[in-house]
Amino acid sequence: MMYDVTMDIDLSPIGLEQSPVGTYTELRVSTKVALIPILRSGLAMLNAASDLLHDAEIRHLGLFREETTLQPVEYYNKLPRICGVDECIVLDPMIATGGTAEAAVQILKHWGVKKIKFVCICASKKGIEGLAAKYPDVQFFVATVDEVLDRRGFVSPGIGDCGDRLNNTA
């Protein structure tokens, strides 16, 4: 999926290199990218993303969904005062109601980033359609879309609470 996410990132030639069978032009990512995992669950996606974009800045946002109101709560944000990147790639395995994703997008827009991409493994149809309609300038990359979003805000069949599963706290 990260291949699709990075297809439009600018590359610049930096020199010629020699492989065992010939000469090639070495390229470097020239777009300044920040990877933004949503704590805790987005950390599960960070290693793969940073392996591909090893020069990317890594910035964390702590957001969770309050269980009774289903509203996002921000508990950690240490973004620098001035945005120094061209593009942010948000990593969060699940989009259910879309509230947490929307909060992340609003925080990054307020920070001043010009281009936002949102990467998730599973989304509810209602959540992703609402976000795409509200934020047509944000690109959403979703591995699978589930139809059911119940009244408690859970996606079915879904993938469970990734943060709890990752940290064995379920």
Open item on the list: Please list, by residue number, everything in region 109-148 whose backbone N is under 16 Å from a paramagnetic label point 7 Å out along Cα→Cβ of Tyr3.
Closed with: 142-143
Open item on the list: Pairs on different chains or at least eight residues apart, Cα atoms closer than 19 Å: how many lysine pairs in region 106-152 fit?
Closed with: 9
Task: Accessible area per residue, Å², the chain with all protein chains present, probe 1.4 Å - done: 58 Å²
- [ ] Indicate the gyration tensor shape class of region 43-115 (rounded, prolate or oblate), computed on the Cα atoms with a ≥ b ≥ c the square roots of the eigenvalues: a/c under 1.5 is rounded; otherwise a/b larger than b/c is prolate and the rest oblate.
- [x] oblate
Open item on the list: Taking the 0 to 90 degree range and rounding to the nearest ten, how far is the long axis of helix 99-111 tilted relative to the main principal axis of the chain, both from C-alpha atoms?
Closed with: 50 degrees
Task: Karplus 3J(HN,Hα) series, Hz, for region 115-125 with 6.51 cos²θ - 1.76 cosθ + 1.60 (x for Gly, Pro) - done: 9, 10, 10, 10, 10, 9, 8, 9, 9, 7, 4
- [ ] Order these peptides, 23-34, 43-54, 81-92, by their mean beta-carbon neighbour count within 10 angstrom, highest first.
- [x] 81-92, 43-54, 23-34
TODO: Distance from a point 7 Å along Cα→Cβ of Thr144 to each backbone N in region 1-45: keep the residues under 16 Å and list them by number.
DONE: 1
Open item on the list: Would the chain count as rounded, prolate or oblate if I go by the C-alpha gyration tensor, calling it rounded below 1.5 in a/c and otherwise prolate when a/b exceeds b/c, oblate otherwise?
Closed with: prolate
TODO: Enumerate the amide H contacts of Leu39 below 5 Å, restricted to partners 5 or more residues apart or on another chain; note that Pro and chain-start residues carry no placed amide H.
DONE: Leu61, Gly62, Leu63
Task: Whole-percent carbon and sulfur share, accessible surface of region 1-137, 1.4 Å - done: 53 percent
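The values are calculated or read from the model by the stated rules, or taken from the named source; none is laboratory data. These numbers were taken from a predicted model, which means no experiment stands behind them. Ideal geometry is used to build each Cβ from the backbone, glycine not excepted, and the neighbour counts take in all protein chains shown. Heads up: the accessible areas ignore ligands, DNA and RNA and are worked out on the full protein's heavy atoms, side chains in. Shrake-Rupley method; radii C 1.70, N 1.55, O 1.52, S 1.80 Å.
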